[in-house]
Amino acid sequence: MQKYILSLDQGTSISRAIIFDKSGKIISIAQKEFEQFSPRLSWIEQDANEIWYSQASVAEEAIQKAGLRAEDIKAIGITNQRETTILWDKETGKPIGNAIVWQDRRTSQYCDELKEKGYAQTIKDKTGLILDAYFSGTKIKWLLDNTPGARQKAEEGKLAFGTVDSWLIWKLTKGACHVTDVSNASRTMIYNIKSLEWDKELLELLDIPQNILPEVRTSSEVYGMTSKSLFGVEIPIAGICGDQQAALFAQMCFEKGMVKNTYNTGCFILMNTGDQIVTSNNNLITTIAWQIGDKVTYALEGSVFIGGAVIQWLRDQMNLIHSIEEIEELALSEKDNGGVYIVPAFTGLGAPYWDQYARGTFWGLNMGTTPGHIARAALESIAFRSRDVLKAMERDSGNALTQLRAGGTVLNKTIMQFQSDILGIPVVRPNVKEITALGSAYLAGLAVGFWKDIEEIKAHWEITEVYDAKMQIDKVDKTLKYWKRAVGRTGQWLD
Ligand code: G3P
């Protein structure tokens, strides 16, 4: 009987379940968008129960769509939006409040206070991270300090913290497992990436009790079984990996220096640095890519907070388009951006600028500006921001990039071509579009012997789209000049 791997890909805007066969091909996909809440300026929340229900329902649907039975699933891999913070009651399994999403900036001021007290370097040394509201640490503290009864519950040992992977596994195992993996732990700002343990000094600094934290495990092992009440049979949960690290894995970036970019809600660029912890001098972060057995692989990462989210904004708030796909057609209705530049700093600027108080700007609007120019500027902004990070990465690694491996849900031909034009290197895309989900499927499949080793899965990867730089150099220089001007004039908008 042929078996399959089910990957649960819990992203920022969408819960997806994807089934892969032994050759790494997709058998079925089910997906569901869920609600985002913004109760105050710069706050972004999600309902943790909705995350769970949407994820559980798409898992069922994917199995049905494939015409399979739950018995046919050999293992489940989980990949997730990272940093998003959930606290729940261990006895009732109920969240004590909404999940605070990674984009949420409510703890920016507190981060500033910590910076003023001189903690930025300690945090960087221990966690590889920049002291920023993006990561889970200050979000956990906020929930403990601002949810009535939370601290007392924690003292009584009744509270659990988890990133989305932990939360889903807790629900899938009906509370039997409270775990996470190193790749997710490395995004919390309380995990020491050198000693590979929760860092006592940082826990004390942020006043986070250790008893609420999950056990940190490798990225590829059996953590537990799904409760029989869910799928009718117990299925091993055998892989966990933060979504961006999972994409690095599935893009087969196994050698030092290999780089991928995933174009989803945000854009996340990661470079494999092997077993070396490379410290950035250019405002990138150092993170754990994955751990298999005893072997920990590290990465340099640059995060662009608003990538595809700028397209969602044009769809949902501006009503400029009805679907994400429509953006390309609208952009191609104009031959260029008409001098319009968008800096999509809607939730601040991430790497390499790290300006928590920046907000989005439009430059170069004129009486001739059309929706097509805006659409084009939006797509270009995604590529410009990615280039900013890639250039910082080149400076850190001392090597010029020779290829960019690309993937993600909002990636289209126009972005790929423009990305290649302004980088001057080929941008390639592999045969599998669902690269993030495939990463966690591989990690789960490797743990249960579905795939023998990395060599076996490497054979699945194949480049199917290549975009070479075509734009004339003087045009590239000109557009980069305007982009730099636009970014330079954006920033420190909020008090
Ligand atoms: O760090 C946040 C990241 O994991 C979110 O990824 O793909 O949901 O935008 P995505």
Name the single residue, out of those in the stretch 153-189 being within 16 Å of the ligand (Cβ to nearest atom) and of a type in the set (A, V, I, L, M, F, W, C), that is farthest from K124 (Cα to Cα).
L168
Of those in the stretch 164-186 that are in contact with a strand residue (DSSP E or B) (Cβ under 6 Å, 6 or more places away or on another chain) and assigned to a loop (DSSP other than H, G, I, E, B), the residue nearest to T12 (Cα to Cα) is S186
When residues of the stretch 438-464 are filtered for being part of a loop (DSSP other than H, G, I, E, B) and either touching a residue at least 24 places away in the same chain (Cβ under 8 Å) or surrounded by 24 or more Cβ atoms within 10 Å (Cβ to Cβ) (or both), how many remain?
6
Identity of the residue in the stretch 284-310, in a loop (DSSP other than H, G, I, E, B), of a type outside the set (G, A, S) and surrounded by 16 or more Cβ atoms within 10 Å (Cβ to Cβ), that ends up farthest from the ligand (Cβ to nearest atom)
L284
With (1) modelled with pLDDT of 95 or more; (2) of a type outside the set (S, T, Y); (3) not in a strand (DSSP E or B) as the list, and I130 as the residue in question, which single condition is left unmet?
(1)
Residue pairs qualifying under the 9 Å Cβ cut-off, at least six apart or on distinct chains, with the first in the stretch 99-112 being under 22 Å from K124 (Cβ atoms) and the second being within 11 Å of the ligand (Cβ to nearest atom) and part of a helix (DSSP H, G or I), are W102/S136; Q103/A309
Does the stretch 244-258 contain at least one residue that is on the phi < 0 side of the Ramachandran plot, assigned to a strand (DSSP E or B), surrounded by fewer than 21 Cβ atoms within 10 Å (Cβ to Cβ) and more than 16 Å from the ligand (Cβ to nearest atom)?
no
May I ask you to verify whether E328 is part of a helix (DSSP H, G or I), farther than 25 Å from E45 by Cα and over 21 Å from the mean Cα position of the chain (by Cα)?
yes
Would you mind telling me which numbered condition in (1) away from the ligand (no atom under 16 Å from the Cβ); (2) over 14 Å from A437 (Cβ atoms); (3) of a type in the set (V, I, T) I19 fails?
(2)
Considering (1) away from the ligand (no atom under 16 Å from the Cβ); (2) not in a helix (DSSP H, G or I), say which one I240 fails and leave the rest.
(1)
Pick from the stretch 43-93, criterion away from the ligand (no atom under 16 Å from the Cβ) and among the β-branched types (V, I, T), ranking: surrounded by the fewest Cβ atoms within 10 Å (Cβ to Cβ)
T92
Pick from the stretch 1-15, criterion over 15 Å from N49 (Cα atoms) and either surrounded by fewer than 24 Cβ atoms within 10 Å (Cβ to Cβ) or near the ligand (Cβ under 9 Å from one of its atoms) (or both), ranking: modelled with the lowest pLDDT:
M1
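Each row is one residue, and each column tells you yes or no for (1) under 23 Å from the mean Cα position of the chain (by Cα); (2) among the hydrophobic types (A, V, I, L, M, F, W, C); (3) surrounded by 21 or more Cβ atoms within 10 Å (Cβ to Cβ).
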position: T414; (1), (2), (3): yes, no, no
position: T436; (1), (2), (3): yes, no, yes
position: R489; (1), (2), (3): no, no, no
position: L494; (1), (2), (3): no, yes, no
Any residue in the stretch 255-281 that's among the small types (G, A, S): show its pairings with residues that are within 16 Å of the ligand (Cβ to nearest atom) and part of a loop (DSSP other than H, G, I, E, B) at Cβ separation under 7 Å, as long as the two are six or more apart or on different chains.
G266/F305; G266/I306; G266/G307
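The values are calculated or read from the model by the stated rules, or taken from the named source; none is laboratory data. Computed from a predicted structure; not experimentally measured. So basically every Cβ, Gly included, is an ideal-geometry build from the backbone, and we count neighbours across all protein chains shown.
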